[in-house]
Structures are given as structure tokens and as C-alpha cells.
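Here is the structure we will look at.
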Amino acid sequence: MFSLLSGCFEFMLRKEELHVLVVGLDKAGKTTLLERLKTLYTDVPGLEPSQVVPTVGLNLAHFEALGTPLLCWDVGGAAGLRSIWSKYYGECHALVFCVDAADRGRLEEAKAALDRALGDRDLYGAPLLVLANKHDVEGAASPAELAEVFGLGRLDGRRPSSIQAVTARTGEGVKPAVQWLVENIKKSQRPELIRRRMLSQ
Ligand code: G3D
Ligand code: MG
């Protein structure tokens, strides 16, 4: 009886893990970002950028930030793999869309991939964080430029969104981005929505 009660108590006090899906075109820097998250937030350093290889399956980063456990997935971004993204939409609390801001030649392709993702109703209400990665490269597009290209101002008010410059290779800008994610997921209706969906299954 005691173990049952203590088990229930532990369950009630357990901190909810936030699930963040990281997508974007191939070579945008998603895996480098995940490895940087491990280095910044855990005792086990992630891979150095030179050790990162193109993603075929799925990469995971599990860490705690601002007292909150987070699980980030990075799904491959090559054209043939993008159809897999939607399999994870229903389970994620937020979407991170990673962009190679230095590759202006692929911004329209990135916009098309982002538009397709945002049109999926399984992502309803999920906060969107667009990362303008490779900020270290001279001439990389600024967050303001990307916001213009992606038309982020037109998003409906039920989806909190932000666009932030980061350098996944060095970790610059990553901690403020994680802070935005944690704060905005908690403020959003998404945790409650996912909880209800899980209970009804
Ligand atoms: P992906 O997982 O989105 O496909 P990767 O992308 O993490 O594999 O990164 C693709 C390439 O971009 C890698 O270079 C990686 O080092 C580089 N990259 C990632 N983040 C940054 C960054 O912040 N700045 C710069 N300058 N480069 C970055 P290679 O040469 O291995 O292809
Ligand atoms: Mg990858």
C-alpha cells in the first residue's frame, strides 16, 4: 500500500518532459546543434562538428534546462526523408526549424518545407522557433531577413513564434533559444493538448 501511494506521489511530482522536434533542410546544422546541446547541458560532451556525419535515422539529445527535462529529436532533412517529419508532429511540444542562413540559394526550398510543416494540423498550437544558423558566416541572412522571406509575421496568434540567430558550431545564441522554447511551451496550450490526446488513446 505504501509503495502504491508513494508511487502515485512520485508520479504527481514528476516534472513533465518537453519534447522538441528539430527539422530543417539537410546541411542546415541540426545534428551539430543537438551535439552542442549535449555539450552545453550535460556532463557527457556531444560530438565535435568534425565528427558529425549526415543523418539517416534519428538523433536524440536528452538534457535538463531551467529545471525542465527536454528531449530533442533531429530528423534527417534530405528531400526523401522530409515525409517522415509529420510522424512526429503529434508528440512534440514545439517545433524548431533550423535554417542554413548562409545558404541564400536554398531559402525558398526551406520556406516551402516550413510552410508544409505549419500546414499540418497535428502541429496545432505548437510554438515555432526558427533558428538562423551559421551566424558566424559572413553575409549570413539576419533573423529579420529570414522573417521576411518566411512570412513569419503572418502566423496566426495561437502559435507563439520567434526567429533567432545561432551558431551551432560554437553554441553562440543556443542558451537564449532554449530559454525561449521552455518559457513558450509552458505558456502555450500544447502540453495540455498532448496530455488530453494521450489520455483519450
Ligand atoms: P544537418 O544535420 O542539418 O544535415 P549538420 O547538418 O549538422 O550535419 O551540418 C552540416 C554542415 O554545416 C557541417 O559541415 C557542419 O559543421 C556545418 N555547420 C553546422 N552548424 C554550423 C555553424 O553554426 N556554422 C558553420 N559555419 N557551419 C556549421 P560539413 O563541412 O561537415 O558539411
Ligand atoms: Mg543531420
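Exactly one condition in (1) hydroxyl-bearing (Ser, Thr, Tyr); (2) at pLDDT below 90; (3) more than 11 Å from ligand 1 (Cβ to nearest atom) is false for Tyr41; which is it?
Going through the list (1) hydroxyl-bearing (Ser, Thr, Tyr); (2) at pLDDT below 90; (3) more than 11 Å from ligand 1 (Cβ to nearest atom), Tyr41 breaks only (2).
Take the residues of the stretch 97-156 that are of a type outside the set (A, V, I, L, M) and within 16 Å of ligand 2 (Cβ to nearest atom): which is nearest to Ala28 (Cα to Cα)?
Asp100
I'm told Cys72 meets every condition in (1) under 17 Å from the mean Cα position of the chain (by Cα); (2) of a type outside the set (A, V, I, L, M); (3) open to solvent by 10 Å² or more (accessible area, probe 1.4 Å) except one. Can you identify the failing condition by its number?
Unmet condition: (3).
Does the stretch 75-83 include one or more residues that are touching a Lys or Arg at 6+ places or on another chain (Cβ under 6 Å) and either away from ligand 2 (no atom under 16 Å from the Cβ) or in a strand (DSSP E or B) (or both)?
no
Restricting attention to the stretch 128-150, report how many residues are open to solvent by less than 10 Å² (accessible area, probe 1.4 Å) and under 12 Å from Leu114 (Cβ atoms).
6
Going by the conditions given, is Leu114 touching a strand residue (DSSP E or B) at 6+ places or on another chain (Cβ under 7 Å), open to solvent by 70 Å² or more (accessible area, probe 1.4 Å) and within 16 Å of ligand 1 (Cβ to nearest atom)?
no
From the residues in the stretch 38-53 that are open to solvent by 50 Å² or more (accessible area, probe 1.4 Å) and not in a helix (DSSP H, G or I), which one is farthest from Gly173 (Cα to Cα)?
Filtering the stretch 38-53 for residues that are open to solvent by 50 Å² or more (accessible area, probe 1.4 Å) and not in a helix (DSSP H, G or I), the one farthest from Gly173 (Cα to Cα) comes out as Val53.
Quick one: count up the residues across the stretch 165-179 that are under 16 Å from Ala94 (Cβ atoms) and crowded, with 17+ Cβ neighbours inside 10 Å.
Selection size over the stretch 165-179: 4.
Gly77: of a type in the set (Gly, Ala, Ser), open to solvent by 40 Å² or more (accessible area, probe 1.4 Å) and within 16 Å of ligand 1 (Cβ to nearest atom), yes or no?
Spelling it out, it is not the case that Gly77 is of a type in the set (Gly, Ala, Ser), open to solvent by 40 Å² or more (accessible area, probe 1.4 Å) and within 16 Å of ligand 1 (Cβ to nearest atom).
Take Thr39 and tell me if it is of a type in the set (Ser, Thr, Tyr) and touching a Lys or Arg at 6+ places or on another chain (Cβ under 9 Å).
Taking the combined requirement at face value, the residue does not satisfy it.
Please go through (1) of a type outside the set (Ser, Thr, Tyr); (2) modelled with pLDDT of 85 or more; (3) open to solvent by less than 10 Å² (accessible area, probe 1.4 Å); (4) within 14 Å of ligand 2 (Cβ to nearest atom) for Leu60 and return the number of the only condition it doesn't satisfy.
Result: Leu60 passes all but (3).
Out of everything in the stretch 51-70 that is out of contact with any helix residue (DSSP H, G or I) (no Cβ under 6 Å at 6 or more places or on another chain) and of a type outside the set (A, V, I, L, M), what residue ends up being farthest from Pro191 (Cα to Cα)?
Going through the qualifying residues, I end up with Gln51.
The values are calculated or read from the model by the stated rules, or taken from the named source; none is laboratory data. The structure displayed is predicted, hence computed values, not measured ones. Heads up, the Cβs are rebuilt from the backbone with ideal geometry, glycines too, and the neighbour counts pull from every protein chain shown. Calculation scope for accessible area: heavy atoms of the full protein, side chains included, ligands and nucleic acids excluded. Shrake-Rupley method; radii C 1.70, N 1.55, O 1.52, S 1.80 Å.
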